[in-house]
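The values are calculated or read from the model by the stated rules, or taken from the named source; none is laboratory data. All values derive from a computational prediction rather than experimental measurement. Here the Cβ positions follow ideal geometry from the backbone for every residue, glycine too, while neighbour counts run over all protein chains shown.
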Amino acid sequence: MSFAAAAAIASLAGTAVSVVSQAQQGKEQQKWGEYNAAVAERDAQAAKQNAEYEAGQQRKSTEKLLGRQRALYSKAGVTLEGSPLLLMSETATEGEMDALMIERGGTLQAQRYQTEATLSRMKGASAKKAGYYGAGSTLLTGGSQTAYQYGMYKKGL
């Protein structure tokens, strides 16, 4: 076997290995993108659950404060009308606003994680396509080099 024939066979083998490697690399990157997306989605769910829990804790705290206010007003002989009622109403409103802000923060954080999940999937899909395009390009380049080397072998060069 001549050097040209051996070079053509080696070129063909190298091209085949490279094509398979690039395609496989793209698939693996897509798997990592899916994994990262799943992690981000779990984080989004956790952020929402944490915010719901914290908002519930805030509401309980507000209820306790309102209970203390009622008890102190009653102990002092103050009726729950006028200024005391306005103060308690404001306490309830502020407490609920705090709880809603906690929920809003959790929702925003969850949305950021969902966006991260979407981007991870897009990157993975893009990497898979890039792997296939790279494999195709290598196949064409390697094929033309192999054909050239085979032609040189046929000419006896």
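Can you find a residue that is in contact with a Leu (Cβ under 9 Å, 6 or more places away or on another chain) and under 18 Å from Thr62 (Cα atoms) anywhere in segment 93-101?
Yes: segment 93-101 contains one or more residues that are in contact with a Leu (Cβ under 9 Å, 6 or more places away or on another chain) and under 18 Å from Thr62 (Cα atoms).
If you take the residues in segment 50-97 that are closer than 30 Å to Leu108 by Cβ and among the hydroxyl-bearing types (Ser, Thr, Tyr), which one is farthest from the chain's Cα centre (by Cα)? Out of the qualifying residues, it is Ser89. Among the residues of segment 97-115, some residue qualifies, meaning at least one is out of contact with any Pro (no Cβ under 7 Å at 6 or more places or on another chain), within 30 Å of Ala37 (Cβ to Cβ) and basic (Lys, Arg).
Condition check for Glu28 on (1) in contact (Cβ under 8 Å) with a residue 60 or more places away in the chain; (2) closer than 30 Å to Thr146 by Cβ: one failure, at (1).
Quickly run through segment 67-93 and pick out the residues that are closer than 20 Å to Ala55 by Cβ, surrounded by 12 or more Cβ atoms within 10 Å (Cβ to Cβ) and not polar (S, T, N, Q). Once the filter is applied, which keeps residues that are closer than 20 Å to Ala55 by Cβ, surrounded by 12 or more Cβ atoms within 10 Å (Cβ to Cβ) and not polar (S, T, N, Q), segment 67-93 yields only Ala92. Exactly one residue out of Glu41, Glu54 is surrounded by 14 or more Cβ atoms within 10 Å (Cβ to Cβ), closer than 30 Å to Leu87 by Cβ and either modelled with pLDDT of 95 or more or of a type in the set (A, V, I, L, M, F, W, C) (or both): that is Glu54. Applying the condition of being without any contact (Cβ under 8 Å) to a residue 12 or more places away in the chain and farther than 11 Å from Glu41 by Cα to segment 108-121 and asking which residue is surrounded by the most Cβ atoms within 10 Å (Cβ to Cβ) yields Leu119.
Checking each residue in segment 133-157 for being exposed (fewer than 15 other Cβ atoms within 10 Å of the Cβ) and not small (Gly, Ala, Ser) picks out Tyr133, Leu140, Thr141, Tyr148, Lys154, Lys155, Leu157.
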